[in-house]
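J.: Take this structure first; my questions come after.
The values are calculated or read from the model by the stated rules, or taken from the named source; none is laboratory data. Small disclaimer: the values here were computed from a predicted structure and weren't measured. Don't worry about glycine lacking a Cβ; one is built from the backbone with ideal geometry, like all the others, and counts go over all protein chains shown.
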Amino acid sequence: MNKARSFYLSKSQFTRGLQCHKSLWLLKNRPELRAEPDASLQARFDAGTEVGILAQKLFPGGTALEYSSGISKNIILTQEFIAAGTKTIYEATFRHDNVLAMVDILHKGPEGLELYEVKSSTETKEIFINDTAIQYYVVAGSGTSISKVFVVHLNNRYTRMGDLNLGKLFTIDDVTDLTLSRQADIPRLLADMRQTLAGDEPGIDIGPYCSEPYECDFKQYCWQHIPECSIFDIANLRNNRKFALYYGGILHMEDIPPDFSMSDKMQLQVKAELTGKAFINSHKIREFLATVTEPLGFLDFETFMEPVPSFDCQRPYQQIPFQYSLHIQANGKLSHHEFLGQPDRDPRRPLIEKLLADLRPCRTILVYNQAFEVSRLQEIARDFPEFAGDIESLIARIADLMIPFRNRDFYVKEMCGSHSIKYVLPALVPDLGYDNLAIADGEMAMLAYAGLAKIDDAEEKEKIRQDLLAYCRLDTLAMVRIWQKLLSLTQPQQQLSLF
């Protein structure tokens, strides 16, 4: 047998190879270089599994094949079930041309067997057709005729009220024609992948495909020669232009040609990186601070989102606020208020009731990234209209602490092109940071809150609650310290490097 042809591939390995042959080669030959999925990515994998199991209820009464039974046995069982006229098979298993495919749902429809690929996204993406195409190739090649091919995905316009309505939660798209249109290319694509696998590590350089359509788990290995704050860190520079520089032999900002077109903000970032100069526009900062009036609130939300809504008035992947921290500056004193929802209960009503009371004295409410907090408040007003008037009044008092940094009225090289608070805080207030916290970012907070409902030990649960409160409290304390630093930067003695 031809060595290249003997390489066994799965559906996921085929789609990986479509993105990058080097990634596929590394998976087969150097798997130890692969980055382990972090907690956030693993949570997305778990959510996909949950959605797949729930979608099976669209075709109730089916026969499920268990992965633990073994691939070879499941291939035999699949053929036996089909021959016996089984109407629906979950995880039907096929092998053809040394490619393995497990079909999420194989269902006997009016015109014959139908193939359903389940996705936890809210739309049918073009890249999903690669999944259905290789499955069709394998199933048809193994001698089983398929009449229709569908992608099942979540409907983000569905709002839960009462029991889940699966018919409205899911959308089913017919992708038969698109799937068939790719069949002619598959033998060649497989042959190319196997030819790569038969050789040494391919000399494929980094490229846009390292992150598109998915972040490659070998990126750390392939990008190890890229320094911190390289041309790839220039904020808002399009990816194709970054790679045009890279392929032209330019990696460091100091080597960017003088005729390379960049916006004023990009040029400022590069200049700060090369000179170490701090850029402070005191006039603009004063203008911003003049819009801020005490009593002054510093507000931050933490949110969770889930593919399958748990509560009434909730949509798939809707961001649900479950926690807030609020510092209030008034009459030279700083006070703190907070809220953290109970697991397995909709936190929105108790959150907004307490928040409206806590914010009543504040004339200005500072948030960091106004669009996020305002959107969450507008969604609560939509879903709980009895609070709409009070929320509208609250929104009218919100100002965005991010504005001076987004507009580059303050910029230092330590911000590395970002105006995120996680970069601004250490640049302005280096003595305050998240390093010593058990929960250090919003993703960790969301996962910790989601996990509370699964913990029985009261002491462990209380510790996680305190960790959540500590993290969110630091977010608003960070805003207080940043605001204080901006005030100090506008004083006459603080004229650093103005423009």
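For every residue, the table says whether it meets (1) in the same structural domain as Leu340 (by TED's automatic domain parsing); (2) part of a helix (DSSP H, G or I); (3) on the phi < 0 side of the Ramachandran plot; (4) over 28 Å from the mean Cα position of the chain (by Cα).
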residue: Leu425; (1), (2), (3), (4): yes, yes, yes, no
residue: Asn436; (1), (2), (3), (4): yes, no, yes, no
residue: Leu447; (1), (2), (3), (4): yes, yes, yes, no
residue: Cys472; (1), (2), (3), (4): yes, yes, yes, no
residue: Trp483; (1), (2), (3), (4): yes, yes, yes, yes
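J.: How many residues are touching a Cys at 6+ places or on another chain (Cβ under 8 Å), more than 30 Å from Gly48 (Cα to Cα) and in a strand (DSSP E or B) if we restrict to segment 277-307?
T.: Initial filter on segment 277-307 (touching a Cys at 6+ places or on another chain (Cβ under 8 Å)): 295-297, 300, 302.
This time we only want the ones that are more than 30 Å from Gly48 (Cα to Cα), so: 295-297.
Right, trim to in a strand (DSSP E or B) and you get 296-297.
Going through segment 277-307 one residue at a time, the tally reaches 2.
J.: So Pro430 passes all but one of these: (1) over 25 Å from Asp38 (Cβ atoms); (2) surrounded by fewer than 16 Cβ atoms within 10 Å (Cβ to Cβ); (3) modelled with pLDDT under 90. Which condition number does it fail?
T.: It fails just one condition, (3).
Table: residues versus (1) surrounded by fewer than 17 Cβ atoms within 10 Å (Cβ to Cβ); (2) free of Cβ contacts under 8 Å to residues at least 60 places away in the same chain; (3) not in a helix (DSSP H, G or I).
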| position | (1), (2), (3) |
| --- | --- |
| Leu24 | no, no, no |
| Asp46 | yes, yes, no |
| Leu54 | no, no, no |
| Pro60 | yes, yes, yes |
| Ser68 | yes, yes, no |
| Ser72 | yes, yes, no |
| Glu80 | yes, yes, no |
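J.: Please find, among Glu273, Glu294, Glu302, Glu379, the residue that is of a type in the set (Asp, Glu), in contact (Cβ under 8 Å) with a residue 40 or more places away in the chain and outside the structural domain of Ala453 (by TED's automatic domain parsing). Walk me through it before giving the result.
T.: Details: Glu294 fails: outside the structural domain of Ala453 (by TED's automatic domain parsing); Glu302 fails: outside the structural domain of Ala453 (by TED's automatic domain parsing); Glu379 fails: outside the structural domain of Ala453 (by TED's automatic domain parsing).
Just a single option satisfies the conditions, and that option is Glu273.
J.: So, Gln323, is that one over 18 Å from Val51 (Cβ atoms), in a loop (DSSP other than H, G, I, E, B) and assigned by TED's automatic domain parsing to the domain that holds Gln378 or not? Break it down stepwise before answering.
T.: On the way: over 18 Å from Val51 (Cβ atoms): yes; in a loop (DSSP other than H, G, I, E, B): no; assigned by TED's automatic domain parsing to the domain that holds Gln378: yes.
Here the answer is no, as Gln323 does not meet what is asked.
J.: Mind listing whichever residues of segment 28-43 are under 28 Å from His153 (Cβ atoms), assigned to a helix (DSSP H, G or I) and touching a residue at least 12 places away in the same chain (Cβ under 8 Å)?
T.: Of all residues in segment 28-43, those under 28 Å from His153 (Cβ atoms) come to 34-43.
Next, only the ones that are assigned to a helix (DSSP H, G or I) stay: 39-43.
Correct list: Ala39, Ser40, Ala43.
J.: Pairs only if they're at least six apart or on different chains, beta carbon under 8 angstrom, first in segment 413-441 and in contact (Cβ under 8 Å) with a residue 60 or more places away in the chain and closer than 18 Å to Leu468 by Cβ, second among the aliphatic types (A, V, I, L, M) and surrounded by 19 or more Cβ atoms within 10 Å (Cβ to Cβ); list them, first residue then second.
T.: Ile421/Met402; Ile421/Ala478; Ile421/Met479; Ile421/Ile482
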